[in-house]
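Chemist: Let me begin by handing over the structure; questions about it come next.
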Amino acid sequence: KCSVTTSLIAHVIADKYQYGMPLYRQESKFKGLGQPIYRNNMAQWCIRFADEAKPLLHLMREIQNSGNYLQADETRLQVLKEDGKTAQSDKWMWVIRGGPPEKQSVLFEYDPSRAGSVAVRLLDDFEGVLQADGYSGYSAVCTANSITRIGCWDH
């Protein structure tokens, strides 16, 4: 119920999540192009898209976990405004890549925690080989699901 195109929403989301461009910088970019688009509008588009995309993302996670090889990593992320957390506290973006050879995907999952319970939730149905760093948070799900864990290039 708005005049934004799906292409523009996709562009904003890709810039924000794939290329790490905050919405305030995108707002400045669009203003410089003579097309003012306000960050609060872009934030609402991202939120609404996330709600609408949940069934698709759940299906993608199921397909990804049906493969026999995944790569996983988690990295610190700064979130400026989050209830109960300061901007300086650690938050995490979990990234999992893999799936069946003909249906591989890369899925990003934000979580304010780096607890092993996040790895359990993301890899719950997976059985196979997991390539990850030495972080102990993957240990519980590897043991519970008989996942073979191999190290990353650094570990």
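The values are calculated or read from the model by the stated rules, or taken from the named source; none is laboratory data. Bear in mind the structure is a predicted one, so any value in this text is a computation, not a measurement. No Cβ is skipped: glycine too gets one built from the backbone with ideal geometry, and neighbour counts run over all protein chains shown. All accessible areas refer to the heavy atoms of the entire protein, side chains included, with ligands and DNA or RNA removed. Shrake-Rupley method; radii C 1.70, N 1.55, O 1.52, S 1.80 Å.
Chemist: Having 2 or more residues that are open to solvent by less than 50 Å² (accessible area, probe 1.4 Å), under 18 Å from Ile13 (Cβ atoms) and out of contact with any Lys or Arg (no Cβ under 8 Å at 6 or more places or on another chain) is the bar; report the strands (runs of 3 or more DSSP E) wholly within the range 43-150 that clear it.
Modeler: 91-98
Chemist: I'd like the full set of residues that are under 16 Å from the mean Cα position of the chain (by Cα), closer than 17 Å to Tyr110 by Cβ and without any contact (Cβ under 8 Å) to a residue 24 or more places away in the chain, limited to the range 1-39. Spell out the reasoning first.
Modeler: At the first step, the residues of the range 1-39 found to be under 16 Å from the mean Cα position of the chain (by Cα) are 10, 12-22.
Remaining after also requiring closer than 17 Å to Tyr110 by Cβ: 12-22.
Scanning the range 1-39 gives Ala14, Asp15, Gln18, Tyr19, Gly20, Met21, Pro22.
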